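Laboratory data are not the source of any read-out in this text; all were calculated from the coordinates shown. Note that the structure is predicted; figures quoted are calculated from it, not measured.
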Amino acid sequence: MRHLTTALAVGVTVTLTAAAWDPTPVSPPAASVKVQPGASKGTGALTPIASADRLIAPLGVDPACPAKLLIGMRSDAKKARFATMSVEIDQPLSASRSMLSSYLPPGAEVRAKLLVAVPPDTKEGEYGLRLRAPAQTLSVPVEVVPVDRLDNGGNLALQRPVTASSQHLNANYPPCSVADGDRSSNGWAGGNGWNDATSRAWPDTVAIALGGARQISRVDLYTLDTERYPASTYGLRDWDVQAQVDGQWRTVAQVRGNTAGSARSDFEPVSADAVRIVALASNGANDYTRIIEVEVR
C-alpha cells in the first residue's frame, strides 16, 4: 500500500443551483502566489523548491479536485532579482501552470499552488514533474495508482466518489474536496471545502460512496474554522450521520449545537456502502452548509 502524500478525489456528481439570496459567501484567499522573507547567503543561486518529494495521484480523477503541490523558488542572491522557473510534466498528465515568475528580494522565497490533472485513461505508473531554474532542476515524481491501492490510514472515505445536493457557484467549493484528506480550512474557497447553494434552506446533503460494503462505526466531520471565520459563527451546527445499509439510509448518529471545528460521532458497527451527512443548521443566522472534510472509520 502506498501512503497518500497528495491525491485526488473521484467520481463527483453535483447539482448546480444559484442561491435565491446570497449574503456574500465567505471569500477566498487574496493571493495564490506568496513571497516570504528570508536571509540571503549571497551565493547567487536560485533554488527550485516543492512541498513534497513525491506526488501520489489516484486514477479516476474528478477535474474539480486535482492533485495539489506547493512549488516555488528561493533566492540566495545578494541583490533583489526577477526570477523565473519553468514547470514541465510528462504527458498525458497536465499541470495548472507552465512557469512561475516573481520579483524576489535577497533571500526571499516565492510559493504557489500547482494542480496536476490525471486523465481517466492514464496508465498506472510513474511520471515526471520537473521544476527548472536557470542553473538547477528539481524532479518530483508523480505516481499514478488505482484508488484501491492507496494507503487510506483507516479512513474509508478517502478519495471516494462524492455527491451533493447543490454547490455554490461563487469561488471554488467542490463536493469532492470533503474526501481529499485535507482537514485544514486554510484553502477555503480555493478548492478545499464544500459550500451548498441554498442559503437558509435545509436540509443539505453530501454523500460518500465507500466502494462496497464496509464495516463502519465512526464518522468525523470538519467544518469551516479559522481565526477570521470561526466555527462558532460560520461552521455547521446540527446534522445527522446516515449509513446506507441494504440500499436504505439509516440514521446512526446525530450532532446538535456544535460550535467547534470538528466533531466525532461513534455508533454501533454497521455494514454500509455509503455515508451521508444531512445538514440541518449552521451557526450563522443567514448561512450555508460549510464542510471541509468527512472521515469514515
* If the convex hull is drawn through the Cα atoms of the chain, its volume per residue in Å³ -> 134
* Asked: Rg and Dmax of the range 40-145 over Cα atoms: what are they, in angstrom?
  -> 14.9, 48
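Taking only DSSP H segments of four or more residues, each worth -39500 (n - 2.57), what value at 222 nm results for the chain once the sum is divided by all its residues, to the nearest 500 deg cm²/dmol?
Values: 1 runs with 4 residues, N = 297.
Calculated mean residue ellipticity at 222 nm is 0 deg cm²/dmol.
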* To do: Determine which lysines satisfy two conditions relative to Lys113: a Cα distance under 24 Å, and not lying fewer than 8 residues away in the same chain.
  => Lys34, Lys68
* For Leu210, residues with placed amide H under 5 Å, excluding near neighbours -> Ala274, Val275
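Note the full-extension length gain between Ser217 and Ala285 as 0.36 nm times their separation in residues minus their Cα-Cα distance, in nm to one decimal. Don't jump to the answer; show the numbers that get you there.
On the way: separation 68, 0.36 × 68 = 24.48 nm, distance 3.23 nm.
21.2 nm is the gain from fully extending Ser217 to Ala285.
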* Structure fact -> Under the Karplus relation with 6.51, -1.76 and 1.60 and θ = phi - 60°, whole-Hz ³J(HN,Hα) for the range 236-252, x at Gly and Pro, equal 6, 9, 10, 7, 10, 9, 10, 10, 8, 10, 6, x, 10, 7, 10, 6, 10
* Of the residues Pro48, Pro146, Pro58, which exhibits the maximal mean-square fluctuation in a Gaussian network model of the chain defined by a 10 Å Cα contact cut-off? -> Pro146
* Structure fact -> Here D for the range 152-296, in µm²/s, from Stokes-Einstein with a Kirkwood Rh over Cα pairs at 4 °C and 1.567 mPa s, works out to 87
* So what are the ³J(HN,Hα) numbers for the range 267-283, from phi and the Karplus equation (6.51, -1.76, 1.60; θ = phi - 60°), rounded to whole Hz, Gly and Pro as x? -> 8, 4, x, 9, 9, 10, 9, 7, 10, 10, 9, 9, 7, 10, 5, 10, 7
* Compute the length gained on full extension between Thr137 and Glu268: take 0.36 nm times their separation in residues and subtract their Cα-Cα distance, giving the result in nm to one decimal. => 41.9 nm
